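Nothing in this text is a laboratory measurement; each read-out follows from the coordinates by a stated rule. Worth saying up front: this structure is predicted, and the values here are computed from it rather than measured. Reconstructed Cβ throughout: ideal geometry from the backbone, glycine too, with neighbour counts over all protein chains shown.
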Amino acid sequence: LQQQQMPSSISVTFEYDPSFLTLDDFPGDPNRGRELPPAHFTIQCKQQSQGQNDERVLPTVTVYSNSLLFLPPVPDMSMPFNVISLTSSLYAYVIGTLITIVVRKASEKIKYKLYPNKKPESKLRQWKKRIKAKILNLRGKYKASDASAAFTAGAETREESKDKPTEEEAEAKTN
């Protein structure tokens, strides 16, 4: 018995959309994936008789597979919203700050032109006043302590002066 090999052929076709889809081509829920249709195979066999030249054709058989869920890489659909909201927030903050500064400066200038006596002193002038007051206070204490030392040197003893508050303590109590 001699077996002859039958010439065989197979053809495969596959349909799919382009790989780069625009934003509008994506479905409502792109994270679910894309459903590919089921594949189908059609098989047609011819059978040759052993002693004869006639071929017998068997019935055609079509086999279907299950559908396939394809998960392509999906862009982040919320990214445009995130970018727009972040930049809008940044612009609102910057512009709001600038408007606040400009309006406050302008209103203060107008107020001080109308009422010059309400203008607050600068920090430097406040410091100068404090330093002058402390210097005058120290000068006064020094002069008062010299005068009281000369007065109390001969009249009082040491024990009596310890019980008595000094001028600095009396002045501290009054302040």
Amide H contacts under 5 Å for L36, restricted to residues at least 5 apart in sequence or on another chain and with H modeled in the peptide plane, are L68, L69, F70
Karplus (6.51, -1.76, 1.60) ³J(HN,Hα), θ = phi - 60°, over segment 32-43, in Hz, Gly and Pro reported as x:
5, x, 10, 8, 8, x, x, 7, 9, 10, 10, 10
Y93-S78 pseudo-label distance in nm [points 7 Å out on the Cα-to-Cβ vector]
2.0
The FRET efficiency for E35 and K105, from their Cβ-Cβ distance with R0 = 45 Å and rounded to 0.05, is 0.10
